[in-house]
Amino acid sequence: MKKGLLVLFLFLFGYSLIQPMTGAAAKEAYVIPVHKEVERGLHAFLERAVKEAEDAGADVIIFDLNTPGGLVDAAGDIGQLMDGIDTKTVAFVNHKALSAGAFLALHADEIYMVPNGQFGSAAVIDQEGNAADKKAQSYWLSSMKSAAESKDRDPKYAIAMADDSMSIPEVDLEKGELLTLGSKDAEKIGYSDGTVSTMDELLQKIGAEDDSVVNVEETFAEKLARFLTNPVVVPILLSLASLGLIVELYSPGFGVAGTVGISSLLLFFYGHMVAGLAGYETLILFIIGIALLIAEFFLPGGIAGTLGAAAVIGSIFMAGGDFVQMGYSILIAIAVAIAAIILYVKVFGKKMRLFNKMILRDSTSTESGYVSNANRLELIGREGITKTPLRPSGTILIDDERIDAVTEGSFIKANEKIKIVKVEGSRIVVREIT
């Protein structure tokens, strides 16, 4: 009996140790912030965060939205990323999800809003803040409609967020206005699954109150990449790079201007590489371009310089991804460079000191004592005869010496007396003696 009780006790004790190890794994809710502008750097962060959540077997992925919108291309890429998530996704409109932010919210399985949240106003605008062309608007309207339909939401409201020609009385929308939904209207039309004030309330609504919450944060490199790839920052970086390098060309030695120029270029490529927009091949192409530009100073023909400039511009285009945006940025940088050159040359009278040792500035002028032919000034006033007719050039004979000469313009026959009246280097001018 004692042995049996001892065996039973040991069995129960061992089972109690094994039980926690074999029990069900704890569920996790991953919260991913989508704040500030929607740009290409955000896509790289979300891609990393979603992969981390899926690898951890997350129960639900919550996108904490508070964004005024951003780039259409970036929003499209992020929408495709969200469509490919197998885990349940929830969009939490934590204040505002406007423009591209509204588009992202439509890709989530469920949408919840805070009481004073705003959701909508998704018109497409260009770089100058004007309405985009019809082609871009058509693409965006189709994208908004598809995003709503993919989650069984009435697409007319999504279209009204981007098209001001619609009138929807049930949400007090009149023609000429874009649809922006508050929490009550969004819930009434089925665009919101509920109104919550806090993240804890949201977790209770979706049945994840017992899940451990994992807040995914951006790393410093990702934050820096998002800043450096911002459409406003990119032309500033390229302009600083062009301005710094131009100033350095007109300055002795290597100083602050050159450091700023090179640092700006390095930050440009670093940000785009961290954001996943550029690879090492882009950086290699840029380095090859710089090498060809330097080689142009030592090689004739201009081919190396042309290829180098094309490689540099091409690498910047490849790094940016959006050719239109990069085109504007490069044009701004070129304009800044041209303005700097004009200012230095025309206003300050500066010369490029960098090329002083490469360019031959000495000239073989007559003032410096250089002549291409012997200047026979001693012949002036001498007399002779024409050996051949001068029409007006020909040959004369002075003391049995044959000399090439020209007249002052008139014709002189052979065997006529002449007098040398002028000597200009190899040009000897004669006049007939009458």
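Summing charges over neighbours of residue 59, with a neighbour being any other residue whose Cβ is under 10 Å away from its Cβ, gives -1 when K and R count +1 and D and E count -1. Measuring nothing but how far apart in sequence close Cα pairs (under 8 Å, 6+ apart) lie, relative to its length, segment 158-244 scores a relative contact order of 12 percent. Any idea how far apart residue 52 and residue 205 come out in nm if each label point goes 7 Å out from Cα toward Cβ? Here the modelled spin labels are 2.5 nm apart. Extension gain, residue 339 to residue 213, is 39.9 nm, computed as 0.36 nm per intervening residue step minus the present C-alpha separation.
Segment 52-101 and segment 118-194 have Cα centres separated by 18 Å.
On the basis of the beta-carbon distance and an R0 of 56 Å, residue 395 and residue 324 show a calculated FRET efficiency of 0.20.
Short-range pairs are left out: with C-alpha atoms under 8 Å and at least six residues apart, the relative contact order of segment 53-111 is 45 percent.
For segment 201-267, the Stokes-Einstein estimate of translational diffusion at 25 °C and a viscosity of 0.890 mPa s comes to 162 µm²/s, using the Kirkwood hydrodynamic radius over alpha-carbon pairs. From the Kirkwood radius over Cα pairs of segment 125-228, Stokes-Einstein at 10 °C and 1.306 mPa s returns a whole-number translational diffusion coefficient of 94 µm²/s.
Note on residue 165 and residue 95: the model spin-label points, each 7 Å out from Cα along the C-beta direction, lie 3.5 nm apart.
Taking a threshold of 25 Å on the Cα-Cα distance, which of the pairs 387/419; 51/223; 27/184; 175/205 fall above it? Result: 27/184; 175/205 exceed 25 Å. Report the Cα centroid-to-centroid distance between segment 209-251 and segment 376-434 in angstrom, as an integer. Using only Cα atoms, the two centres lie 79 Å from each other.
Spherically averaged projected area of the convex hull of Cα atoms, segment 74-154: 5.8 nm². Here the peptides 103-116, 56-69 are ranked by packing, the mean other Cβ count within 10 Å, and the order with the highest first is 103-116, 56-69. When we measure straight from the Cα of residue 36, which aspartates and glutamates land under 18 angstrom away, once same-chain ones fewer than 8 places off are left out? Excluding near neighbours in sequence, the set is 47, 64, 73, 77, 217, 218, 222.
All of the numbers you see were taken from the coordinates with simple rules; none came from a lab. Since we're looking at a predicted model, the values are computed, not measured. Every residue, glycine among them, receives a Cβ derived from its backbone with ideal geometry; neighbour counts consider all protein chains shown.
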